[in-house]
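> Starting off with a structure, shown below.
The values are calculated or read from the model by the stated rules, or taken from the named source; none is laboratory data. Keep in mind it's a predicted model, so treat the numbers as computed, not measured. Glycine gets a Cβ as well: all are built from the backbone with ideal geometry, and neighbour counts include every protein chain shown. Quick note on the areas: whole protein, heavy atoms, side chains included, nothing else; ligands and nucleic acids left out. Shrake-Rupley method; radii C 1.70, N 1.55, O 1.52, S 1.80 Å.
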Amino acid sequence: MTAFDARGLIGELTVTLDVDVLVGAYADRDGPPGDPSSVLAALGENRIGVGAVASLRAALFDLRSGNDEVLTLPGVVPVGALDLRDPIGSVREMERLAARGVKAVRLFPDEQGVEAGFPSVRHVARRAAALGLVVLTGGDVRRFWQPFSGLEAKVVFLDTHFYHLGDFLVVAADEPGFHTSTRLLNSPDALETVPADRLLYGSRTPHYEPLVPLLRLATSGLKPEEITAVAGGNARRLLG
């Protein structure tokens with residue numbers, strides 16, 4: 001008996017820019033080592049042309065050296081990781097990265113034990129908006145939309161679950177800069193429910209199975225031009 005190969009359903013779909021890629025490993029859980037060469041290879045194996053890459057080392061251990069490593073990686077869109085446990089240092093890091101041409105920063109509230117109502121989150125959100133940076137953020141969208149409200153911020157919620165999609169749609173209606181990753185929107189009609197210009201493909205390579213969101217997008221009811229936008233066009237528009 002031959003195992004079913006889901007890749008056959010993907011057809012010719014290629015992702016031109018994936019907004020959710022990490023290098024490095026989690027110290028407190030099993031998983032891949034996340035060394036840059038293997039991460040970049042995994043992107044190619046899954047027909048992902050370019051990744052917006054952030055560093056777990058920066059997020060969890062050493063902000064500056066982790067971000068500097070990402071800046072040296074070839075053929076990626078570098079994303080600056082921030083540490084919400086150190087809002088003052090994170091603002092300084094944002095300013096340093098923006099001066100070097102970085103267009104996006106990433107927040108790791110769950111990994112850092114930070115809640116949406118902490119003053120640090122609003123402080124970082126305000127400065128990111130003022131600098132014109134796109135914010136890629138983890139966390140429950142039902143709470144983490146609040147620090148970004150009213151700032152005209154450009155935000156991509158990386159952990160929007162299809163159970164919480166209604167909440168995202170409600171808040172995004174009043175915030176034109178709010179977008180969501182496709183990673184956890186795997187229920188029937190989830191992708192089709194969101195305006196296509198608010199959807200960005202995210203895989204969380206190598207700490208998630210990239211085939212799942214790729215397959216869901218390929219078999220969705222979106223129009224071909226909408227699929228192209230979700231698979232990288234929207235991310236390129238946001239990230240310049």
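> Quote to one decimal, in nm, the extra length available between residue 35 and residue 61 on full extension: 0.36 nm per residue of separation minus the C-alpha distance between them.
That works out to 7.8 nm of additional length.
> Could you order 208, 26 by accessible surface area, starting with the largest, using a probe radius of 1.4 Å?
Listed by decreasing accessible area, they come as 208, 26.
> In nm, to one decimal, how far is the modelled label at residue 130 from the one at residue 12, with both set 7 Å along Cα→Cβ?
4.8 nm
> As I understand it, the dipole of the stretch 111-210 uses +1 on the Cβ of Lys and Arg and -1 on the Cβ of Asp and Glu, about the Cα centre. Which of 151, 186, 131 lies farthest toward its positive end?
Checked the options; the winner is 131.
> Considering amide H positions built from the backbone, and no H for Pro or chain starts, which residues 5 or more places from residue 20, or on another chain, come under 5 Å of its amide H?
Under 5 Å from the amide H of residue 20: 52, 203, 204.
> Just reorder 61, 144 by solvent-accessible area, largest first, 1.4 Å probe, all chains present.
61, 144
> Can you compute the charge dipole magnitude of the chain about its Cα centre, using +1 on each Lys and Arg Cβ and -1 on each Asp and Glu Cβ, nothing else charged? Give it in debye, rounded to the nearest 20.
I would put it at about 580 debye.
> What accessible area, in Å² to the nearest ten, does a 1.4 Å probe give for residue 223?
Rounded to the nearest 10, that gives 120 Å².
> Another one. Can you give the FRET efficiency for residue 100 and residue 236, using 1/(1 + (r/R0)^6), R0 = 22 Å, r = Cβ-Cβ distance, to the nearest 0.05?
It comes out at approximately 0.65.
> If you don't mind, another one. If you average the C-alpha positions of the stretch 44-106 and of the stretch 195-235 separately, how far apart do those two centres end up, in angstrom?
Result: 22 Å between the Cα centres.
> Apply the membrane-span-like helix rule to the chain: whole DSSP H runs, Cα extent along the own long axis of at least 15 Å, mean Kyte-Doolittle hydropathy at least -1.0. List the helices found.
87-99, 119-131
> Suppose a student asked you for the relative contact order of the chain, using Cα pairs under 8 Å spaced at least 6 residues apart; what percent would you report?
Relative contact order of the chain: 21 percent.
> In Å and on Cα atoms, what radius of gyration and Dmax does the chain show?
According to the Cα coordinates of the chain, Rg and Dmax are 16.9, 59 Å.
> While we're here: For the stretch 39-79, what % of the accessible area comes from carbon and sulfur atoms, probe 1.4 Å?
After summing per-atom areas, the C and S share lands at 57 percent.
> Considering only protein heavy atoms, what per residue accessible area in square angstrom results for the chain with a 1.4 angstrom probe?
The answer is 44 Å² per residue.
> Still on this structure, please answer the following. Pull up all non-local amide H partners of residue 136: gap of 5 or more, or a different chain, and H-to-H distance under 5 Å with H placed in the peptide plane.
Sorted by chain and number, the residues that satisfy this are 105, 106, 107, 156.
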